[in-house]
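See structure below.
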Amino acid sequence: MSTITTIKDIAEKAHVSSSTVSRVLNNDATMNVTDDTRRKIYAAAEELNYQKRSLKSLHSKGIVALVQWYSTDKELGDLYYRAIRWGIENQLEASQYEVKHFLPSDTLPSMSDFAGIVALGKFSTAQLEVLKQSGKPLVIVDQDVLGEGVSCVVPDFANGIDRIIHYMQAAGYQTVGMIAGVEETSDGQALNDPRRQLFPQLAVDAGFSTPAIYAAPFTVEGGYQAMEVAITAGKLPDAFFVANDSMAIGAIKALQNAHINIPDDVSLFGFNNLAIGLYLNPTLSSVHVPTETMGATAVTMLIALSEEKLPQPSKLTVATSLKLRQSSTRKEH
């Protein structure tokens, strides 16, 4: 029988008070807490599989449909999406909206009782058409669909990758490679990940040879398998950019199983900056994506659309930054 994780469980795991955990998880803007403490709390929540319970407001302004391309079980394999979902749910609650969850495979009910739709993840052209046909304000989180005439919130992939490239240059790396992710929508439409195009393009522009790219699913297992292929292929590059932190965890394991030292033999950079990266050995250098901010911003955009303060579909790109840790180190010139 499964047990429900409580605020107290997280507090004990993170070695902080229950009130601190509650205020951090509920995005209390008046709370003065260090980034390290905040990350410890999120890491403990992730490890304990905490599920935030939404509280219905006695003065609800309406119901928002949250359409998720990941089920709760699948979310466990990519905690990036759970962090964004928490940001969405927290902001909806703070804005006095109730939330009802759907998967892309669900048949949406009549939208007459809904104030709008926030869709989290990646959706096919056909799935987007179904959402658009509802006639309700719609915002997609983590997929650039402005070209489809839909408002969206996305991370700044280019800036994050550019920062990695500049660090690789300054550190004196001679060769670089990439572990790329492969994914598709829940109805089978292949997706093009912008990181796979951006990294080799920016690397070549910076003077590196065209990076070797090893592709696999965006999972821990995928990262492990792709790195195994890279190891078998022969001489490894000085550094790898790995398309997300889940894959980076698998890549680290594959290198360690092959007795390849990180970072002395190969350096690694991830993407998303999941809290779990702080507890890896070595700790993971990664591009930080403000996931909770992405979720909260999507709700703010939805409300603006519903109040007709946004006259046309818009895209908001959220800034990213590079967090350097033990998995990368400067080489001797």
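Taken together, the values in this text are just the output of simple stated rules run on the coordinates, not laboratory data. Keep in mind that this is a model prediction, so the values were computed, not measured. Methodologically, a virtual Cβ is constructed for each residue, glycine included, from the backbone with ideal geometry; neighbour enumeration extends over all protein chains shown.
Mind listing the long-range amide H neighbours of Leu310? Cut-off is under 5 Å, sequence gap 5 or more, other chains count too, H placed in the peptide plane at 1.01 Å from N.
Sorted by chain and number, the residues that satisfy this are Leu305.
Out of Asn90, Asn273, Asn261, any idea which swings most in a Gaussian network model of the chain, alpha carbons joined below 10 Å?
Checking each option, the largest mean-square fluctuation is seen for Asn261.
What order do you get for His166, His259, His288, His15 when you list them from fewest to most C-beta neighbours inside 10 Å?
Going from least to most buried by this count: His259, His15, His166, His288.
In the Gaussian network model of the chain, springs joining C-alpha atoms below 10 Å, which of Gln91, Gln169, Gln68 carries the largest mean-square fluctuation?
Gln169
Which whole-Hz couplings ³J(HN,Hα) result when phi for each residue of region 268-280 is put into the Karplus expression 6.51 cos²θ - 1.76 cosθ + 1.60, θ = phi - 60°, listed in order with x for Gly and Pro?
My calculation for region 268-280 gives 10, 10, x, 8, 2, 6, 4, 4, 4, x, 6, 10, 7 Hz in order.
Where a Cα-Cα gap under 20 Å defines reach, which lysines qualify for Lys61, not counting those fewer than 8 residues away within the same chain?
Lys100, Lys136, Lys309
Using the alpha-carbon atoms, what tilt in degrees (0 to 90, nearest 10) does helix 220-233 show relative to the longest principal axis of the chain?
20 degrees
Which of Ser19, Ser267, Ser306 ends up with the largest GNM mean-square fluctuation for the chain, with Cα atoms connected below 10 Å?
Ser19
What is the set of long-range amide H partners of Tyr70 at a cut-off below 5 Å, with H atoms built 1.01 Å from backbone N?
The list, which skips near neighbours in sequence, is empty: none.
For region 251-256, just list the computed ³J(HN,Hα) in residue order, Karplus coefficients 6.51, -1.76 and 1.60, θ = phi - 60°, integers in Hz, with x standing in for Gly and Pro.
5, 4, 4, 5, 5, 5
Can you sort Asp73, Asp193, Asp245 so the residue with the fewest Cβ neighbours within 10 Å comes first?
In order of increasing Cβ crowding within 10 Å: Asp73, Asp193, Asp245.
Given axes a ≥ b ≥ c from the Cα gyration tensor, I'd like to know whether region 157-289 is rounded (a/c under 1.5), prolate (a/b larger than b/c) or oblate.
Rounded, since a/c falls under 1.5.
Taking amide H positions as placed 1.01 Å from N in the peptide plane, with prolines and chain starts having none, which residues 5 or more places from Gly177, or on another chain, fall under 5 Å of its amide H?
So Gly177 has HN proximity to Ala239, Phe240, Phe241.
Using only Cα atoms, tell me the angle between helix 157-171 and the longest principal axis of the chain; keep it within 0 to 90° and round to the nearest 10.
Long axis of 157-171 versus the principal axis of the chain: about 20 degrees.
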